[in-house]
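The values are calculated or read from the model by the stated rules, or taken from the named source; none is laboratory data. These numbers were taken from a predicted model, which means no experiment stands behind them. Here Cβ is always computed from backbone atoms with ideal geometry, including for glycine, and neighbour counts include all displayed protein chains.
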Amino acid sequence: MAGKRDRKEQMKATALYPLDWLEERSGLVGGVKYFLFRKVPGDINWMQTLGSATLTAFIVQAVTGVLLNMTAAQTATKLGIGTTSVITHRQRAYDRLGVSDMRQLFKLLCGA
């Protein structure tokens with residue numbers, strides 16, 4: 001009986017290893033758990049929640065385009081949205097992060 005329990009624990013540890021590795025290096029797992037299990041006010045519906053998630057994904061992709069040194073037009077083409085949308089989302093991300101341009105964003109991310 002103890003052998004089965006040890007085997008089960010070993011399989012569980014093996015299955016969780018990639019998640020533990022990712023959490024140790026990025027902290028993403030904790031953030032995902034927060035978003036999945038947080039209490040949502042009763043007057044919020046699923047469409048608002050999904051809209052918020054979609055907006056966050058667009059902002060992340062716009063900032064990623066900046067980090068990859070893509071122009072707003074290239075990022076817009078890649079995302080299938082307008083160039084002005086990319087510029088707007090990028091500026092909103094800059095405002096939330098307290099930076100005003102790409103140079104300050106790199107300093108923030110690199111810890112310099």
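Structure data summary
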| quantity | calculated |
| --- | --- |
| From the options ALA57, ALA93, ALA76, ALA62, residue that is modelled with pLDDT of 80 or more, within 20 Å of LEU109 (Cβ to Cβ) and either touching a Lys or Arg at 6+ places or on another chain (Cβ under 8 Å) or of a type outside the set (D, E, K, R) (or both) | ALA93 |
| Selection within the range 33-46 - at pLDDT 70 or above and either under 15 Å from the mean Cα position of the chain (by Cα) or not aromatic (Phe, Trp, Tyr) (or both) | LYS33, TYR34, ARG38, LYS39, VAL40, PRO41, GLY42, ASP43, ILE44, ASN45 |
